[in-house]
Structure formats: C-alpha cells, structure tokens
Amino acid sequence: MADPLVIHADLMLFLTGWFREALAARPESYCQGVVVTHQEPSGDLPERCLVIRVDGGPDTSILTAERDVGLSILAGTKENPQEAIQLALMVHALRSQIPGLEPGNPVAAVLSSNGPFAVVETQPVARQYITLVLGVVGTLL
C-alpha cells in the first residue's frame, strides 16, 4: 500500500498574515503600522518592519515536519535601537501563540527559539534577529 499524499501549507503566507494580525491587535505604539513581509525592503524603509524567512527543514514523518524560520526586525536607528528591541521582544513573546487548532494553521508547536539579538546593519536602522524551529503538520490530499 502506498503512503498517503500529504501537502504542507505555505508557511510563509500563514506567518506573514498571522504576525500582521497579532501585531495590529497589540496596544503598544511600537506594534502599530509594522510592515510584515517576506522580502527585505529596498529604497525607502518603512518605520517598522518584520521580515519573515522560511528556510525549510526536515520532514519528521509522512505528516509532520520541522521548519526553520528567521525573523528580522527593523526599526529605530543604530544610535537609538530601543524601538527595534521592544518590537523584537514582542515578536518573540508572540511566538508562543502561533500554534493552534484553527483551520488553516499548520503550526503544531514552537520547538525552539533563539534571540532576539542585535545584528550589524548597513542601513540606517537597527536590526534585531530571532530564529524559530516550528513543528508543522501537513494535510492529506
């Protein structure tokens, strides 16, 4: 008997939408107006930006997988990085809310996280970085 066909959701699409909603729902001023995207901004930078990168990872069974995710937070300035730090701490705190049972949510668990930590940036903004390993589940076709 052949293994069942399983497809994994577009994790990038899910996470960008999830973080847009989660940040917009927060009352803190540094959470408002955050541009959440999967591409590094070029040209004029938004005031606050969260760039999400999904780097893949191993399948752990026919149905489950681990996915490595990188989160870059751009805000404030190099001279005054406080807004980037605050936003990164909030993004890191919100990670615990990502797993869920609602339809369309492929994330079953946050297996590990690292950061936030400052990253040297060539642009005039401050950058913080976070890594996550997410346990995800696929859907039977």
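The values are calculated or read from the model by the stated rules, or taken from the named source; none is laboratory data. Everything quoted here is computed from the prediction, not taken from an experiment. Ideal geometry is used to build each Cβ from the backbone, glycine not excepted, and the neighbour counts take in all protein chains shown. Remember, those area values only see protein heavy atoms, side chains included, never the ligands or the DNA or RNA. Shrake-Rupley method; radii C 1.70, N 1.55, O 1.52, S 1.80 Å.
Take the residues of the stretch 30-71 that are basic (Lys, Arg) and under 13 Å from the mean Cα position of the chain (by Cα): which is most open to solvent (accessible area, probe 1.4 Å)?
53
With in a loop (DSSP other than H, G, I, E, B), farther than 18 Å from residue 38 by Cα and of a type outside the set (Val, Ile, Thr) as the only criterion, which of 115, 135, 100 stands out?
Of the residues listed, the single one that is in a loop (DSSP other than H, G, I, E, B), farther than 18 Å from residue 38 by Cα and of a type outside the set (Val, Ile, Thr) is 100.
Looking only at the stretch 114-141, filter to residues that are surrounded by fewer than 15 Cβ atoms within 10 Å (Cβ to Cβ) and among the polar types (S, T, N, Q); which one of those is farthest from residue 78 (Cα to Cα)?
The first filter runs over the stretch 114-141 and keeps only residues surrounded by fewer than 15 Cβ atoms within 10 Å (Cβ to Cβ), leaving 114, 117, 119-120, 122-124, 139-141.
Those still in the list that are among the polar types (S, T, N, Q) too: 114, 122-123, 139.
Numbers: 114: 22, 122: 10, 123: 9, 139: 43 Å.
The residue in question is 139.
Report yes if some residue within the stretch 7-16 is open to solvent by 40 Å² or more (accessible area, probe 1.4 Å), in contact with a helix residue (DSSP H, G or I) (Cβ under 9 Å, 6 or more places away or on another chain) and at pLDDT 95 or above; otherwise report no.
No - not one qualifying residue is present in the stretch 7-16.
Of all residues in the stretch 1-54 being polar (S, T, N, Q) and outside any loop (DSSP other than H, G, I, E, B), which is nearest to residue 94 (Cα to Cα)?
Filtering first and then ranking leaves 16.
Take the stretch 55-97 and flag every residue that is closer than 30 Å to residue 123 by Cα and in a loop (DSSP other than H, G, I, E, B).
If the condition is that a residue be closer than 30 Å to residue 123 by Cα and in a loop (DSSP other than H, G, I, E, B), then 55, 56, 57, 76, 77, 78, 79, 80, 81 are the ones that fit.
When the residues of the stretch 17-29 are filtered to those that are touching a residue at least 24 places away in the same chain (Cβ under 8 Å) and more than 17 Å from residue 132 (Cβ to Cβ), which remaining residue is most open to solvent (accessible area, probe 1.4 Å)?
By that ranking, first place goes to 26.
Please go through the stretch 118-132 and give me each residue that is charged (D, E, K, R) and part of a strand (DSSP E or B), ordered by number.
127, the sole residue that qualifies.
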